[in-house]
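Here the structure is laid out as structure tokens; the discussion comes afterwards.
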Amino acid sequence: MVKKVIKYAVAIILVLFIAFNSVYFKKLSDVKASAVKQFDAAKYARNYLKTQLIQAAGTAPQVDELLAMIKSKPGSAFKTYAHGLDIGNIRFFMVQGQGVVTSVDENDVYVLTKDKQTIKIAIEYVFGNALRDAPGLININDLANTMDLNNIAAEVDKIVRTEVLPPFKSVVKKGDKVSFAGAFELNQEHINLDKIEVIPVVLKIDQ
């Protein structure tokens with residue numbers, strides 16, 4: 001009988017020990033703090049676009065002047081206007097301009113500027129880091145990880161695809177006078193201005 005009681009007592013103690021070590025408590029303040037720290041890429045991207053990117057677009061160099069500088073003084077152009085968060089030769093420029101639409105296809109609109117340069121502007125496939133990196137305003141050290149950084153780029157591009165482009169795409173046609181501002185990428189070791197494509201953040205038909 002005594003052995004039976006001891007056996008049950010040991011079993012109860014073992015169960016209580018396991019239960020005790022399976023349960024832990026956290027302060028409510030710590031739980032709330034953890035929730036607050038969760039990064040909201042969509043909110044960050046919208047605020048960035050509204051308070052920083054649009055402003056940067058408005059002060060960007062004119063496309064004719066920038067392309068002329070890249071042709072004549074590429075080193076100075078990259079040093080003065082280009083930015084990039086990644087190590088490597090790819091850099092991004094902010095630019096703005098005006099011109100006349102010469103053609104429109106499913107993916108791009110082509111604009112002839114005052115200096116007779118044809119600029120290709122994306123109106124379908126808006127992806128990548130150009131709008132995130134070109135102004136040089138985001139500090140990678142301010143973010144917890146590269147996932148947050150990638151999500152910012154994706155959310156900014158999403159806003160452009162769903163809000164900036166549709167009103168323009170639905171009405172633009174050959175002969176329209178347009179204003180644009182956005183970003184494009186270049187390889188500073190292998191410069192090819194014939195293949196640049198501006199990712200717009202501002203794109204409108206002038207009245």
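Applying the criterion of being touching a strand residue (DSSP E or B) at 6+ places or on another chain (Cβ under 7 Å) and aliphatic (A, V, I, L, M) to the residues of the stretch 61-92, the residue that is surrounded by the most Cβ atoms within 10 Å (Cβ to Cβ) is VAL63. Filtered by the rule that a residue be over 24 Å from ILE87 (Cα atoms), surrounded by fewer than 22 Cβ atoms within 10 Å (Cβ to Cβ) and at pLDDT 95 or above, the stretch 176-207 gives ASP176, LYS177, VAL178, SER179, VAL202, LYS204, ILE205, ASP206.
For the stretch 102-207, the strands (runs of 3 or more DSSP E) that sit wholly inside it and include 3 or more residues that are within 18 Å of LYS50 (Cβ to Cβ) are 177-187, 199-205.
Criterion applied to ALA68, ALA77, ALA56 was being closer than 16 Å to ASN129 by Cβ and assigned to a helix (DSSP H, G or I), and the one residue passing it is ALA56. Say we look at the stretch 31-60 and pick out the residues that are open to solvent by 80 Å² or more (accessible area, probe 1.4 Å) and modelled with pLDDT under 95; which of these is farthest from LEU143 (Cα to Cα)? Once the filter is applied, the top-ranked residue is LYS32. Contact annotation: residue pairs with Cβ atoms under 7 Å, 6 or more positions apart or on different chains, pairing a residue in the stretch 103-122 that is modelled with pLDDT of 95 or more with a partner that is of a type in the set (Ser, Thr, Tyr) and surrounded by 16 or more Cβ atoms within 10 Å (Cβ to Cβ), are SER103/TYR110; THR118/TYR110; ILE119/THR113; LYS120/TYR110. Return a yes/no flag: does the stretch 129-146 have any residue that is open to solvent by 20 Å² or more (accessible area, probe 1.4 Å) and basic (Lys, Arg). Within the stretch 129-146, not a single residue is open to solvent by 20 Å² or more (accessible area, probe 1.4 Å) and basic (Lys, Arg). Here VAL109 passes the criteria (1) hydrophobic (A, V, I, L, M, F, W, C); (2) surrounded by fewer than 22 Cβ atoms within 10 Å (Cβ to Cβ); (3) within 13 Å of VAL178 (Cβ to Cβ) except the one numbered (2).
The values are calculated or read from the model by the stated rules, or taken from the named source; none is laboratory data. The structure displayed is predicted, hence computed values, not measured ones. Here Cβ is always computed from backbone atoms with ideal geometry, including for glycine, and neighbour counts include all displayed protein chains. Side chains are part of the model used for accessible areas, which takes the heavy atoms of the whole protein and leaves out ligands, DNA and RNA. Shrake-Rupley method; radii C 1.70, N 1.55, O 1.52, S 1.80 Å.
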